[in-house]
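These notes are about the structure you will find just below.
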């Protein structure tokens, strides 16, 4: 019981640190669906591990009805987990989530088919999964990585990377600063991310301009002749 209360207290503290709208722990406890879903999940996960599968699923479905957050009772979730807003978040059965992870509304940690065994992602420590992102499959998202809004990630992400796009592409690597191993500096910026499609279009535009200039030079030489 003490461990349960300590973990919930850590989750509430994480909300206060990462959400500027949160003003007090009593507000977080009463008004944040993330905390309600985590309380329910800890109960459901214990029931699930003890073989009370139907009761565990029923508990998770009741929490889903009230919070809009669907967490399968088999999912393993670490410390200081924060789901901001939370509506539409789905976390599959074999998902494993590390410590200090932040997930925004509409994100999915799911599978890609009807495979048995491990079929959902493993999320490392200090990972941010932005609004509407989909991480699908039994691979790992490395520590300190960030998944951009609306991205669809279908393959493994190394540590210290930023992924955006459909399908997801790594656009930043090894530039995430961490204060310490025990208290990471979590980067919650979901907006100022590179756009790989825009970058490719810009490269094509420059290439076309270069080729047009070469063609004009050739035409001038032919006229001179």
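Every read-out reported here was derived from the displayed coordinates using simple, explicitly stated rules and does not represent laboratory data. Note that the structure is a prediction, hence the values are computed from the model and not measured. Glycine gets a Cβ as well: all are built from the backbone with ideal geometry, and neighbour counts include every protein chain shown.
Before moving on, here are some points about what is shown:
- Beta-bridge orientation, segment 57-169: approximately 5 percent antiparallel, per DSSP, counting only bridges with both partners inside.
- Contact order relative to length of the chain, as percent, for alpha carbon pairs under 8 angstrom and 6 or more apart: 10
- The three principal axes of the Cα atoms in the chain give end-to-end lengths of 91, 42, 30 Å, sorted in falling order.
- C-alpha long axis of helix 2-18 to longest principal axis of the chain, angle in °: 30
- Residue-span extension gain [residue 17 to residue 112] - 0.36 nm each, minus C-alpha spacing: 30.8 nm
- Modelled spin labels at residue 224 and residue 152, positioned 7 Å past Cα toward Cβ, are 5.3 nm from each other.
- Each label point was placed 7 Å from the Cα along the Cα-to-Cβ direction; for residue 90 and residue 207 their separation is 3.7 nm.
- Computed from Cα atoms, the angle from the helix 33-49 axis to the main principal axis of the chain rounds to 70 degrees.
- Protection proxy ranking, highest mean first, for peptides 144-155, 209-220: 144-155, 209-220, where packing is the per-residue count of other beta-carbon atoms within 10 Å, averaged.
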